[in-house]
Each structure stands twice: as structure tokens, then as C-alpha cells.
There are 2 protein chains.
Amino acid sequence: MTMIQKPYLLFLGDAPDQLAAKVAQGIRDWRPENAVGQYRMEGCGADVGLDEMSLSEGRKAGAKTLVIGVANRGGVFSPAWKKVLLEAIASGYDIASGLHNLLRDDPDLAAAAQRAGVALHDIRVPDRAYPIANGRKRSGKRCLAVGTDCSVGKMYTALSMDAEMKRRGMRSAFRATGQTGILITGEGVPLDAVVADFMAGAVEELTPDNDPDHWDHIEGQGSLFHVSYSGVTMALIHGGQPDALILCHEPTRTHMRGLPDHVPPSLERLRDLVLPIAQVANPACKVVGISVNTKALGEQEALDYLAGVEARMGLPAVDPFRHGAGRLVDALEAV
Amino acid sequence: MTMIQKPYLLFLGDAPDQLAAKVAQGIRDWRPENAVGQYRMEGCGADVGLDEMSLSEGRKAGAKTLVIGVANRGGVFSPAWKKVLLEAIASGYDIASGLHNLLRDDPDLAAAAQRAGVALHDIRVPDRAYPIANGRKRSGKRCLAVGTDCSVGKMYTALSMDAEMKRRGMRSAFRATGQTGILITGEGVPLDAVVADFMAGAVEELTPDNDPDHWDHIEGQGSLFHVSYSGVTMALIHGGQPDALILCHEPTRTHMRGLPDHVPPSLERLRDLVLPIAQVANPACKVVGISVNTKALGEQEALDYLAGVEARMGLPAVDPFRHGAGRLVDALEAV
């Protein structure tokens, strides 16, 4: 499992706008205690509201890793970026990146890191071999968000349920399976980059035995209805052996993300497909709630939509971004 | 997609018995035209019934690739094996192997191959990058065997249906997704070694557009009910977008292979789970027949069992090894 040393200094580089700094914003929103400050280059259009720091100020504040919290343009490290990264390496930072082009593939960065004895974390790439899943029942409880499509708010749902549980003093962990989640928490499995035979085993390792009252909130990936990635979703369900499922949905989508010929399923169809699949790994698994991304709807429209889903399906239906994850956590407490 | 030059000389090495030469036997059974002969070392206890040849006789008979048709002991190339492999390389053979330890990782073999300009095919490892699946409907027809468990006869079922179709003059291909299948046909995708995000795309590429009356018989992998490998099975179903499914079963198994706590499902439970999954990728998909591995049953017991399944499920149920794949092909002809 990838493990990144904390705390971080967040590198926003020359991000043109706030959207480009999505990863940094995620860290700021969900694990602000993981970051001592932000580092912005000249012309940076993003600001996640942390203290501005130079590299040496970051080190003095205790930062161990410079996390690239921003997307780069054209998949290359610009000379301006590289100058900063080399300086960071020389002053003892590890570097962590979720970019497609790898830090380790840049000869200058690789050589500098070796000289300085620091780590380059390319968190898109698994940094170790995973075992084959053994399917043994593990102690502790697990919750997984599954979507009618990709990118419908599964990570947000899991993070907000984890945060709500912690607020209530419950024992809870967010288990990251994708790059943003891994950078937010500093650890996890980049599941989409794991070799097929070891996917479910990687998820088992990510969500090990735990105390009976402890909940893992496993970050979802893909969708059982998205033919490009459904195998990853399946491994997540069978490796994660969840006790509880949250159905995630975006109600205005007209086709599956990236698949113009594929129409998204209804929440009912998702429920009916996912439950028997999940019960292969955990016969006691239940669908306990519904999380809807209502960003595209007005406030009243969203409330009406959620009330309609709730009436149809007999399960709490909320938009955790708008209304909090409290009712989803209530549903888990009842499991 | 891995492509191995044909014809082969089959290397049986010092196989202690016939079982150790399973791969060579598979080639002999299903694609005898792919092999000019067999090469046996002193003390070899296996014999697949092809002409005995030396390396130079094999070359004279046209062999281009020496295929390692036998499992090695302890995952190493013994000095005796290596001597033969080096001699084969020097005389111009490509080498193909499905062993866990890779030809390319042996410095002597790698150096010799480079000198001689021949290829070392480690067919357990993908030899190229695959695309992400696009989910577009492809022309031609596809059949996939899915199992209640792993190792219940999916490959055998697909190969025997392909052979029966060819006998009837129908247009048909076997599409290999595992090491034995790849060595038998000389091409395919080692699906369990593909990176998660690209599994379904690899299967799409393996089973491209074809003539409307052409059937691909896709080699199955894993099982939707086997939590270690179900993600691979899922990618095969969604990447393969089959028109027809054959359910495969071994009736005497008391637990899932390698998972002592997991009980195999009934054929009905497999049917009910796989069909809605397959219809995500191809709404017209149907379950058309049942293939039972009755090896553990006596002849009358097998016939009674098959008759019972057929009556229960209303689908042709056969053991293709005992009784041929004719009735399964009849069912495909009716699709």
C-alpha cells in the first residue's frame, strides 16, 4: 500500500484556475491537518486558503512531502515546475504526484531524488505486489458506495460519511482506491492500475480485520453498468465484502460517461444488480441508503427529487454535499 | 495481442508424466496442425503422440517456434533444459513459454536470443498496451462460457464448440484469454495479467468486428462467484458483449476452488446473476445451454444428472467431453 509521509506542503504551481487544483482542494476540504500550507508560483490562479509558504518555510513548519495538488498542462513537467521540484528535493522533501507522466521517468528528478535520499511517489502506479484474494470473512464493518455511472459522487459520499462518523465519535476510516483519495489520506491502493489477478486481493489488504464497531468507508470506482471499468467495480465489491452499500446517482445524465450509446440505469436496476453480487462475498450485505448528486438541480427541485426517490425505494435519499451525510450514517448505525 | 509464429516443435523436456505436459496435449488435441513434432529429453515420461524430432529435424520440418509444453519443477530452468533452449535459440527457433518464471529474466537466454535475433514469448505477460473499452456494438456473434466456479471446463467447452462449428462448415474462431489457450492457438490476451483499467478493452480488441455469421468462442476466466477473480470474469462479459452464454458446472465440488468457506452456487443462481450483467453490454444476450464436467460421475449417473438439469432449466445440458458439443452448437445456430 502506498504510504506518503505527512504533513504536506501543497504545490499549486501555476494552476490557471481553482478547478485545476482539485486535488489540493480535496486535501484542504477533507484532511486540512495533513497540510502545513500552500506553495504558489507566479501567476497561479488557484488558492485553497492555506498559509502561503516558501519551500524552506514549509520545511520549518514540519512538512515532509511536497504534494502536487494540481494538474499539469500537456502531461509534461514545465521547466518552471522542474526548478521548484528540484529545489524541493534538494531541501529534503519527498514528492508525491498523481499525474500521468511519472516523476521517476524524468531523469533529472530521479537523479536528484537519489542524491538527496528522498522518495518520489507516483501514486498512479502500485508500489508493491498484492496477494490474490482469499475471501475470508474479516472482522469490522465496511461500507461501499456504488454508482449508476462513473463520477457521480462516490468519493465525496464516502468522505462525508467518514467525517460525520468521526464527528459522532464513531470509529471510522476512509480507504482510498484512486489517486485523489490516496493523496488526501496519504495512503491507499491505485486500484485501476493493479494487475487483474490481484485487484480483489489489494482491496482485502486495504480493508483488513478491525474492531467490531469500526467502519471502513471504501472509495468506489467505476460502475457495474460502465463496461469499461465494471471489472474494477466487481473486484472492489468482492474484495471489500461490504456490509452496507450506498447507491450513488446523478439524475440528469443522458448517457454513461464516455459511452454515448449506453443509457444510465435507474437506481432500482442498480439495486437489483448489485445486491446479489455483493451477497456472494457477504450474504448479510444490505443496501442502506442513496446519495444523489443534485448539483444540476435547484434547491426545491433537489428536495422534490430526493423525496420522490425516498418514497419509491423506501431508503433514505440525500445529497450529502447539500444536506450532509447524517441520515446515511443513521442508516449505517442501524445495521 | 500476443502472436506466436507457427508451426511449433513441442518441447516436452523431462516431464515426469503425461499430466505435466498438459499444454502440449492441448495443442495436440485442438490444433495438431500447429505442431510438426515433439522433442523429448532423456527420461521424459510424457508422450503426446507426435513425431519425435531433434531440434534440427524440427527446423527442417518447418518449425519456427519451440513451445514449452510442460510445467517445470520449482519454477526454475534446470541446466538440462537450458542447454536445449540455448541450442534451439542458436538454430533459429523463437521460444514460447507460459511458465511463471520468465524466459527474458534468464540472462543467458536473453543474451542468446538477442544475438540470434529470435523472439522469446513469455505469454503470461501482456506484450503490449491495450486500450480502454469503448463499449460500441460490434458486428459478428460471440459466445462466452461462464462457470459456477473456476476450472470447471470453460476452455474445453469453447474449444469443442469451435471445433464442432468448423466441422459443420460454420465460420468460427476460438479466442484465447489464458496461457494454455494462447499457446494452443498462437495468439490471444493473457487477461489475468492485464492492468485493471484495460481488461475490457483487451477483450474488445481480441474479439473485433466480424462477418454477421461468424462466431467468436471466447475463453472464459474465473467465475462471478469466485471473489478472487470475479473482476476478470466481469471484464470478459462486458468487453466480450456476448450474444450467447453457456453455463459451465462441475456437480461434485463442495467448495469454491481455493476458497474453503465459499459454497459453489447452483446453475440457477449463476443464470440469474450473469444474465442481467451480460445484458448491460448486450441487451439481446441469452443463456443458451449448459456444459457439465461429469468426469467424477459414472456414465449412467452422468446421463441422469444431465437429464435432470435439462428438465429443471429447459436448456440443453451436455458434457461436451463425453457426448460432444453438437447440441450446444445447435442452440447457437438457433440464436
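The values are calculated or read from the model by the stated rules, or taken from the named source; none is laboratory data. Just so you know, these numbers come straight off a predicted model, no measurement behind them. In this analysis, Cβ positions are derived from the backbone assuming ideal geometry, glycine residues included, and neighbour counts consider all displayed protein chains. Protein only, heavy atoms only, side chains kept; ligands, DNA and RNA dropped before computing areas. Shrake-Rupley method; radii C 1.70, N 1.55, O 1.52, S 1.80 Å.
Okay, here's what the table says:
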item	result
Residues of segment A:240-265 classified as small (Gly, Ala, Ser) and out of contact with any strand residue (DSSP E or B) (no Cβ under 9 Å at 6 or more places or on another chain), total	1
All positions within segment A:275-292 that are touching a helix residue (DSSP H, G or I) at 6+ places or on another chain (Cβ under 7 Å) and more than 10 Å from chain B (Cβ to nearest Cβ)	A:Ala278, A:Cys285, A:Val287, A:Val288, A:Gly289, A:Ile290, A:Ser291, A:Val292
Where a residue in segment A:269-285 is small (Gly, Ala, Ser) and its partner, wherever it lies, is part of a helix (DSSP H, G or I), with Cβ under 6 Å and at least six apart	A:Ala278/A:Ile237; A:Ala281/A:His238
Among residues of segment B:106-155, those that are touching a Gly at 6+ places or on another chain (Cβ under 9 Å) and in a helix (DSSP H, G or I), counted	3
Hits in segment A:126-144 (condition: among the aliphatic types (A, V, I, L, M) and at the interface with chain B (Cβ under 10 Å from one of its Cβ atoms))	A:Ile132, A:Ala133
Subset of segment A:214-229 [within 17 Å of the chain's Cα centre (by Cα) and of a type outside the set (Asp, Glu)]	A:Trp215, A:His217, A:Ile218, A:Gly220, A:Gln221, A:Gly222, A:Ser223, A:Tyr229
Filter result (closer than 21 Å to B:Val152 by Cα and either among the acidic types (Asp, Glu) or open to solvent by 10 Å² or more (accessible area, probe 1.4 Å) (or both)) within segment B:229-245	B:Tyr229
Filter result (part of a loop (DSSP other than H, G, I, E, B) and either touching a residue at least 40 places away in the same chain (Cβ under 8 Å) or touching a strand residue (DSSP E or B) at 6+ places or on another chain (Cβ under 6 Å) (or both)) within segment B:49-70	B:Leu50, B:Asp51, B:Met53, B:Ala61, B:Gly62, B:Ala63, B:Lys64, B:Gly69, B:Val70
Segment A:77-125, subset surrounded by fewer than 20 Cβ atoms within 10 Å (Cβ to Cβ) and within 20 Å of the chain's Cα centre (by Cα), residue modelled with the lowest pLDDT	A:His100
Check on B:His226, open to solvent by less than 10 Å² (accessible area, probe 1.4 Å), assigned to a strand (DSSP E or B) and of a type outside the set (Phe, Trp, Tyr)	no
Test for A:Leu236: is it hydrophobic (A, V, I, L, M, F, W, C) and farther than 14 Å from A:Ile246 by Cβ	no
Residues being within 7 Å of chain A (Cβ to nearest Cβ) and either touching a residue at least 24 places away in the same chain (Cβ under 8 Å) or open to solvent by less than 10 Å² (accessible area, probe 1.4 Å) (or both) - total across segment B:249-262	2
Segment B:35-66, residues that are buried (at least 20 other Cβ atoms within 10 Å of the Cβ) and within 22 Å of B:Pro320 (Cβ to Cβ)	B:Val48
Residue that is farthest from the other protein chains (Cβ to nearest Cβ), among those in segment A:165-216 that are surrounded by fewer than 22 Cβ atoms within 10 Å (Cβ to Cβ) and assigned to a strand (DSSP E or B)	A:Ala173
A:Asp162 vs. criteria in contact (Cβ under 8 Å) with a residue 12 or more places away in the chain, among the acidic types (Asp, Glu) and either within 27 Å of B:Leu224 (Cα to Cα) or not in a helix (DSSP H, G or I) (or both)	no
Complete set of residues in segment B:263-286 that are more than 16 Å from B:Ala200 (Cβ to Cβ) and either open to solvent by 20 Å² or more (accessible area, probe 1.4 Å) or of a type in the set (D, E, K, R) (or both)	B:Val263, B:Pro264, B:Ser266, B:Glu268, B:Arg269, B:Arg271, B:Asp272, B:Leu275, B:Pro276, B:Pro283, B:Ala284, B:Lys286
Close pairs (7 angstrom Cβ cut-off, 6 or more residues apart or separate chains): in contact (Cβ under 8 Å) with a residue 12 or more places away in the chain and more than 8 Å from every other protein chain (Cβ to nearest Cβ) in segment B:224-248, of a type in the set (Val, Ile, Thr) and open to solvent by 10 Å² or more (accessible area, probe 1.4 Å) anywhere	B:Asp243/B:Val335; B:Ala244/B:Val288; B:Ala244/B:Val335; B:Leu245/B:Val287; B:Leu245/B:Val288; B:Ile246/B:Val288; B:Leu247/B:Val287
Unmet requirement for A:Gln5, which otherwise passes all of (1) out of contact with any Cys (no Cβ under 7 Å at 6 or more places or on another chain); (2) over 30 Å from A:Ala202 (Cα atoms)	(2)
Checklist (1) among the β-branched types (Val, Ile, Thr); (2) within 14 Å of chain B (Cβ to nearest Cβ); (3) under 16 Å from A:Ile218 (Cβ atoms) applied to A:Thr157, failing item	(2)
Where a residue in segment B:295-324 is under 18 Å from B:Ser266 (Cβ atoms) and its partner, wherever it lies, is at pLDDT below 95 and small (Gly, Ala, Ser), with Cβ under 7 Å and at least six apart	none
Condition check for B:Asp149: open to solvent by 10 Å² or more (accessible area, probe 1.4 Å) and farther than 24 Å from B:Lys6 by Cα	no
Flag for A:Tyr156 being farther than 22 Å from A:Ala15 by Cα, among the aromatic types (Phe, Trp, Tyr) and open to solvent by 30 Å² or more (accessible area, probe 1.4 Å)	yes
Qualifying residues in segment B:10-34 (those that are over 17 Å from B:Gln179 (Cβ atoms) and of a type in the set (D, E, K, R)) - the one least open to solvent (accessible area, probe 1.4 Å)	B:Asp14
